[in-house]
Amino acid sequence: MPAPAADPPAAPRIEARSANLLAVGIVHGDRMSVHLTRMIDNAPVRDAVVTISLRGIVHPTVAEADGSYTLQTKDLGVPGSASIELQVVQGQTREDLKGTLVLGDSSPQPTEKNSARQLWWWVLNFAVCTGFLLLISRRRKAAPRE
């Protein structure tokens, strides 16, 4: 029976909040899609100018038809954590939203692939060895002594 396929790793994601707004950004390669909503009614914010400060560089975003904002930069491909500040200007109001984005963690992760299978393999080996030792012990006890 083939082993089930492993889930693909989740895309890096950031959540940033202010008193009035919530921004959720999802990174795919060198592109980040940001969905901006109002906290009070969860309605999308469509008529704003959004700029993103990433690693000290301010990047403009492009408003998409679905109400999201897209940022495309090579800085999203650099591994490690980065502080992000979103500046949202809507008419006369300006709000700053801050968050931290973790991209392509460079620290090695322990692989736990097939750990359940490996555990059962060790249990089976232990049971076989124990059974073998019990069999030898009984044979020695049952053998006639001379």
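Structural remarks
- Considering helices alone, the calculated mean residue ellipticity of the chain at 222 nm is -7000 deg cm²/dmol, with DSSP H runs of length four and up weighted by -39500 (n - 2.57) and normalised per residue.
- Neighbour net charge for Ser83 - beta-carbon separation under 14 angstrom, K R +1, D E -1: -2
- Förster radius 22 Å - calculated FRET efficiency between Gln72 and Arg46 (Cβ-Cβ, nearest 0.05): 0.65
- Net length gained if the chain between His35 and Val89 were fully extended (0.36 nm per residue, minus Cα distance): 18.0 nm
- Leading residue at positive end of dipole, the chain (Cβ point charges), from Ser115, Ala65, Leu86: Ser115
- Summarising the label geometry, the points placed 7 Å from Cα in the beta-carbon direction at Ile57 and Arg140 lie 7.3 nm from one another.
- Charge tally in the Cβ shell below 12 Å around Gly67, where Lys, Arg are +1 and Asp, Glu are -1, Gly67 excluded: -1
- As a length-normalised measure over Cα pairs under 8 Å and 6 or more apart, the relative contact order of the chain settles at 19 percent.
- Length released on extending from Asn20 to Asp96, taking residue separation times 0.36 nm less the Cα-Cα span: 26.3 nm
Throughout, read-outs are computed from the coordinates displayed, never taken from laboratory work. These numbers come from a predicted model, not from an experiment. Glycine gets a Cβ as well: all are built from the backbone with ideal geometry, and neighbour counts include every protein chain shown.
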